[in-house]
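Engineer: My structure is below; once you've seen it, I'll send some questions.
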Amino acid sequence: VLLELEGGYRYFGAAKDLPGVKELFARHAAKMTKRKRGDIYKYITPDYYGLRDEEDGVLLELEGNMAVENRKKLKRIQEDFAQLKQDNQSHQKQQNNGKEGGDTDDSSVEDLFLDGLENGVAANEAVPSQEVVAQVLLEKKRKDLLSRFL
């Protein structure tokens, strides 16, 4: 049995029976006992899991303020997107007035919208649907293939 204390002393064999050394072994063994799972969970309160966070009202007030700000931001983003879509449609109509059989395609609107999302998407921002993303990707692949062969 080896016991190394903070002073750098090591006790081997019969030295562990010296007066005072047994107590050192006992203290060290008490520190080394493994805690049981039940002992660990015995001192965990509902505060640890955040179950009492809403009792004082501070968190609810902060969340309410953030919700109002997020709704305003979402409304502004939706208005910007609607304006962008309307501007793009009017621009496409002007371009198609001189052309025959030109089909109007909204993929450029979604393309502009997707390009504007540089820093990722927050939970409160308008996110394009799977179909819109699929259309945008298909249109990009089509343009890439056309540019390669033409």
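Engineer: Using the basic label-point model (7 angstrom from Cα toward the beta carbon), what is the Arg142 to Thr45 distance in nanometres?
Structural biologist: 6.3 nm
Engineer: Quick one: net charge of Pro46's neighbours, Cβ under 15 Å, K/R +1, D/E -1?
Structural biologist: Counting the neighbours of Pro46, the net charge comes to -3.
Engineer: For the range 72-87, what does the Karplus curve 6.51 cos²θ - 1.76 cosθ + 1.60, with θ = phi - 60°, yield as ³J(HN,Hα) per residue in whole Hz, taken in order and with x for Gly and Pro?
Structural biologist: 5, 5, 4, 5, 5, 5, 5, 5, 4, 5, 4, 5, 4, 5, 5, 4
Engineer: Return the distance in nm (one decimal) between the two label points of a simple spin-label model at Phe25 and Gln95, each offset 7 Å from Cα along Cα→Cβ.
Structural biologist: My value for the distance between the label points is 8.8 nm.
Engineer: Here is a further query. Taking a threshold of 28 Å on the Cα-Cα distance, which of the pairs Lys72/Lys143; Lys22/Lys42; Lys16/Lys42; Lys93/Lys140; Lys73/Lys93; Lys72/Lys140 fall above it?
Structural biologist: Values: Lys72/Lys143 37 Å; Lys22/Lys42 31 Å; Lys16/Lys42 36 Å; Lys93/Lys140 22 Å; Lys73/Lys93 30 Å; Lys72/Lys140 33 Å.
Table pairs above 28 Å Cα-Cα are Lys72/Lys143; Lys22/Lys42; Lys16/Lys42; Lys73/Lys93; Lys72/Lys140.
Engineer: Separate question: Note down the nm distance, to one decimal, between modelled labels 7 Å out along Cα→Cβ at Leu74 and at Val133.
Structural biologist: 1.9 nm
Taken together, the values in this text are just the output of simple stated rules run on the coordinates, not laboratory data. Owing to the predicted nature of the structure, the values given are computational and were not obtained by experimental measurement. Counting neighbours? That spans all protein chains shown, and the Cβs are built from the backbone with ideal geometry, glycine included.
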